[in-house]
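This report refers to the structure that appears directly beneath it.
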Amino acid sequence: MLFDVAIIGSGITGASAANHLAAAGFSTVLLEQSDFASGTSSRSSRLQHCGLTYFSPGRSIWNFLRHPRMAFEHLELARRAMRDRSRFVTTTPERVRAIRFHMPLYRHEGIPPWKARLGFRLLEMMDRGGAPLDFEILSTDRIISTPALNHLRDSEKLAGLVRFTEYQFDWPERICVDTVLNAHDLGATVRNYTRVTSIGKCPDASWRVDILDLRTGLAEALHAKIVLNAAGAWVDQVAGASRLSLPRVNQGLKGTNVAVRLPLEFQGLAFETALENGDPFYLIPWRDLHYFGPRDQPHDPDPAGFSADEDTILGLVRDFNSVFPGIPLSREDVLYSWAGVRPRTARPSHPDGCEAVLLHDMAGAGAPGYFIYTGGLLMTHRQAGVSITDALRRHIRPTNSSRPISYAARTFPPDKESQTLSSGGETVRLADLRFAAEHEHVLNLDDLMFRRVPFGWSEGMGWISRKRSPKWSATSWDGRPRRSAIRWSVTRRTLRAISE
């Protein structure tokens, strides 16, 4: 079959591209070698950033003046972040929650109060009438009256504290799956557990994409007028595996987060500051827990994925203790951790990559009709889908008529009679698990627990006590064998779902 567009990679960028392209009438196939949203999209900080990070302490006004290209890119990224923040909060409020962030301002270091005011005023100007930042600077008297803030380092040196509203995605994996399913409803073919084994140009100028169905072991071939490589941190590896001689366009940056339980006075509070070396440090609430990070470091993508190494975990614990010396944490306080490599655009003299978000047309490298997307961000994924669709429209015409796009948060069918399962403060109906397994392209238990229902990132990571679990069969929930029975993974993160 000949598609208009074949998309490789179903992280949030690939999913958004599929949704927008399908809505615009392009016949689209979305290919993912693992599960949807199982890569970087599931390893983020989960924040719909307001864009403040692009004005971070390491980037002085003079630095912007000396590097106008960087200044333009960062201002544009901040504008996009503010705009997309408002749009997402307005169109899909079910998938975000407001969080009050706190940023300490120290005398003679970091950001002075006047610069903080300037930065927030600039952000507000970029999105007039949008989701409010609720920006304010707390006096030292108000800081003292808030118990959690008294744990900050060098409290006697505080000049004030910025408080503002950020939004947290709840949760990124489900948002990505929602987007994939919305694309499918618009006519896109969506295939997880389908590996691209080679890509080659055909005499008719289309692309042949050879694939391997990892569910069945069957090899197939499909054709597309355009190939969009949206494999995130793996875009260069996808091109290399197909022996396409294309320039390197991605530089991975690995970030790590760890989850802990903090005293009650921290409930719902988030913090953002800079460490002594200037690196950013975030402390973010998640249900009754908190996670912090990211300890960024350049890193090439690993085909097997990523995990948090012990040295980085210990380093993060030290980072926390340097910011909150009054609450000394140890390695034993870490409940779980995760790591991921963010796809950043490669650029000479930028060992960490740069923050530019680009669609690379490889026609100049001898591959017309082959595009690579770099620098994709969760917080601006919808704009990515729009810009990709606009760009590809200049090269080919869609086969089908356009249809209204959907940004809907998917919901499970009502079932008042269903039993429920609870884990780590999360409760899910058994009927929802059944529905997701049957209708949402689930293969492994991880797919179900982490990306279809919110059990995976709970404190118990999906563990359900034997006493409270209803009896249900892991391979056929109603006792009848099914050809599409889930292949249950036995990992340390899986759900104990069978009672007695």
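None of the figures in this text is laboratory data; all of them are computed from the coordinates on show. Treat the numbers as computed from the prediction; the structure is a model and nothing was measured. Here the Cβ positions follow ideal geometry from the backbone for every residue, glycine too, while neighbour counts run over all protein chains shown.
Which of K225, K416, K115 comes first, and how do the rest follow, when ranked by fewest Cβ neighbours within 10 Å?
Ranking K225, K416, K115 by Cβ neighbours within 10 Å, fewest first, gives K416, K115, K225.
Once you order the gyration tensor axes a ≥ b ≥ c over the Cα atoms, which shape class does segment 308-433 get: rounded for a/c under 1.5, otherwise prolate or oblate by comparing a/b with b/c?
Taking the square roots of the gyration eigenvalues as a ≥ b ≥ c, segment 308-433 is oblate.
I need I144, I8 ordered by Cβ neighbour count within 10 Å, fewest first.
In increasing order of surrounding Cβ atoms, one gets I144, I8.
Of the listed peptides 28-41, 74-87, what is their order by residue-averaged count of other C-beta atoms within 10 Å, with the highest listed first?
28-41, 74-87
Work out from phi, with θ = phi - 60° and the Karplus expression 6.51 cos²θ - 1.76 cosθ + 1.60, the ³J(HN,Hα) of each residue of segment 360-369, listed in order in whole Hz, and give x for Gly and Pro.
Karplus-based 3J(HN,Hα) across segment 360-369 equals 8, 8, 8, 4, x, 9, x, 10, x, x Hz.
By DSSP, what percent of the beta bridges with both residues in the chain are antiparallel, rounded to the nearest 5?
Details: 64 of 84 bridges.
The antiparallel proportion sits near 75 percent.
For the peptides 288-295, 446-453, what is the packing order when you average, over each peptide's residues, the other Cβ atoms within 10 Å and list the highest mean first? Mind showing how you got there, number by number?
Details: 288-295: 21.9, 446-453: 25.2.
By packing density, highest mean first, the sequence is 446-453, 288-295.
Straight-line reach only, C-alpha to C-alpha below 14 angstrom: list the aspartates and glutamates that K157 could link to, leaving out same-chain residues fewer than 8 apart.
In chain and number order, the partners are E109, D141.
Before rounding to the nearest 500, sum -39500 (n - 2.57) across all DSSP H runs of length at least 4 in the chain and divide by the residue total; then give [θ] at 222 nm in deg cm²/dmol.
When only DSSP H runs of four or more count, the value is -7500 deg cm²/dmol.
With a/c under 1.5 counting as rounded, go ahead and sort the chain into rounded, prolate or oblate using the C-alpha gyration tensor (a ≥ b ≥ c being the square roots of the eigenvalues; past the cut-off, prolate if a/b is larger than b/c, else oblate).
Numbers: a/c = 1.83, a/b = 1.21, b/c = 1.52.
Taking the square roots of the gyration eigenvalues as a ≥ b ≥ c, the chain is oblate.
Which order do the peptides 263-274, 196-207, 160-171 take when ranked by the mean count of other beta-carbon atoms within 10 Å per residue, highest first?
160-171, 263-274, 196-207
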